[in-house]
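A quick write-up on the structure given underneath.
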Amino acid sequence: MEGWQAWDVACKLITQSHERFPLETALQLSASLGYEPQAMAELLPEIAMGTLLAIKDMGDNNGSN
């Protein structure tokens with residue numbers, strides 16, 4: 001269930017992820033939604049890292065065209 005909740009938060013905030021994932025906002029939103037804080041503290045930073053790597057990869061691929 002916690003994985004789904006972390007993904008729910010990520011999907012709600014993905015439009016704000018131009019340069020980086022808004023981790024602080026994600027943690028605040030998950031708390032407001034009543035999601036398990038310890039699970040969110042573990043899962044959301046991983047989503048943030050994945051988002052950062054994806055944005056970097058997109059930039060690298062766009063530069064090689």
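The values are calculated or read from the model by the stated rules, or taken from the named source; none is laboratory data. These figures come from a predicted structure and were not determined experimentally. Note: ideal-geometry Cβ built from the backbone for every residue, glycine included; neighbour counts use all protein chains shown. When the accessible area is computed, the model is the full protein with side chains, heavy atoms only, and any ligands, DNA or RNA have been set aside. Shrake-Rupley method; radii C 1.70, N 1.55, O 1.52, S 1.80 Å.
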Checked pairs for segment 25-46, first within 12 Å of Trp7 (Cβ to Cβ), second surrounded by fewer than 14 Cβ atoms within 10 Å (Cβ to Cβ), C-beta under 7 Å and 6 or more apart or across chains, list as Leu43/Gly3
Any residue in segment 48-65 that's surrounded by 10 or more Cβ atoms within 10 Å (Cβ to Cβ): show its pairings with residues that are assigned to a helix (DSSP H, G or I) and at pLDDT 80 or above at Cβ separation under 7 Å, as long as the two are six or more apart or on different chains.
Ala48/Leu23
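Looking at segment 12-23 only, could you name the residues that are in a helix (DSSP H, G or I) and either open to solvent by less than 70 Å² (accessible area, probe 1.4 Å) or farther than 17 Å from Gly50 by Cβ (or both)? Give the steps one after another, and end with the answer.
Initially, segment 12-23 is screened for residues in a helix (DSSP H, G or I), giving 12-16, 23.
Leu13, Leu23, listed by residue number.
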Just a yes or no: is a residue in segment 3-10 open to solvent by 50 Å² or more (accessible area, probe 1.4 Å) and at pLDDT 90 or above?
yes
With Ala31, Ala54, Ala48 as the choices, which residue is part of a helix (DSSP H, G or I), out of contact with any His (no Cβ under 7 Å at 6 or more places or on another chain) and at pLDDT 90 or above?
Ala31
Which one is farthest from Thr15 (Cα to Cα), of the residues in segment 26-40 that are surrounded by 12 or more Cβ atoms within 10 Å (Cβ to Cβ) and in contact with a Leu (Cβ under 9 Å, 6 or more places away or on another chain)?
Tyr35
